[in-house]
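Bear in mind that the values in this text are calculations on the coordinates, not laboratory data. Worth saying up front: this structure is predicted, and the values here are computed from it rather than measured. Please note: Cβ atoms are built from the backbone with ideal geometry, for glycine as well, and neighbour counts cover all protein chains shown.
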Amino acid sequence: MRIGIDFDNTLIDYDRVFFAAARERGLVAPDFTGSKRLVRDAIRLLPDGELIWQRLQGHVYGAGIGGAVPFAGARDFLHRCRAQGIEPFIVSHKTRYGHHDPARIDLRRAALGWMAAQGFFATDAGGISEGNVFFADDRAGKLARIAGLGCTHFIDDLEEVFADPGFPPGVRRILFADAADGDYDLISADWARIATAILGHDG
């Protein structure tokens, strides 16, 4: 078993960072509440909304990443993989620099720094190896990496990744979402449930 996992919005939860950054910039009302997706939808309704959204993403994924948190159960899942002798891999579609980011922050270095700060690489606690983290410039590169690693399972929050004709056949598809239509082996945004489905009951 070789398990591949997406990074953005699958292992790392940016919701509160997007909300805070959007509110600080006056892009949403002070009493606005909601997830990253709702923030995105609201900003895209503004004049030049798509450009504003891309700039906000560049900030959050770079300078603002320190405010993000791991999804509950994500680190436990990685630790359980290692305890069972299963090597997990992180495969992320992430360009080195954000679009429209004047600071030119290295988003890949920022992601690795966040993982280190969160204890993802703490091998004494069963963490993932930094050498098992891969970034791709585009989706095609991501799919090629999944295939090249020989992943038997892949976990991602984006339906379009699994819908892409280039997604390697035979890989079990786990969509990290509350609900969706489509052909998946599992749909869940609960890491404990995903762990049970893939790894069995703990203990």
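Taking the helices alone, the chain has a mean residue ellipticity at 222 nm of -11000 deg cm²/dmol, built from -39,500 (n - 2.57) per DSSP H run of at least 4 residues and averaged over all its residues.
Close amide H pairs (under 5 Å, H built 1.01 Å from N) link residue 97 with 107, residues at least 5 positions away or on another chain.
Once the Cα atoms are used to define both axes, helix 74-83 deviates from the longest principal axis of the chain by about 20 degrees. Relative to the dominant Cα principal axis of the chain, helix 107-117 is inclined by about 60°.
Close amide H pairs (under 5 Å, H built 1.01 Å from N) link residue 89 with 3, 4, 5, residues at least 5 positions away or on another chain.
Relative to the current alpha-carbon distance between residue 152 and residue 183, full extension at 0.36 nm per residue lengthens the span by 9.5 nm. Among 190-200, 142-152, the peptide with the highest mean count of other Cβ atoms within 10 Å heads the list, and the full ranking is 142-152, 190-200. Applying 0.36 nm per residue to the separation of residue 163 and residue 123 and subtracting their alpha-carbon distance, the gain on full extension is 11.0 nm. Report the Cα centroid-to-centroid distance between segment 42-57 and segment 65-107 in angstrom, as an integer. Spelled out, the Cα-based centre of one part sits 24 Å from the other.
Between residue 140 and residue 83, the contour length at 0.36 nm per residue exceeds the alpha carbon distance by 17.4 nm.
Near residue 177, the amide H atoms lying under 5 Å from its own belong to 188, 189; only residues 5 or more places off or on other chains count, and H is placed 1.01 Å from N.
The modelled label-to-label distance between residue 23 and residue 199, using points 7 Å beyond Cα along the C-beta direction, is 3.4 nm. Once the Cα atoms are used to define both axes, helix 49-61 deviates from the longest principal axis of the chain by about 50 degrees.
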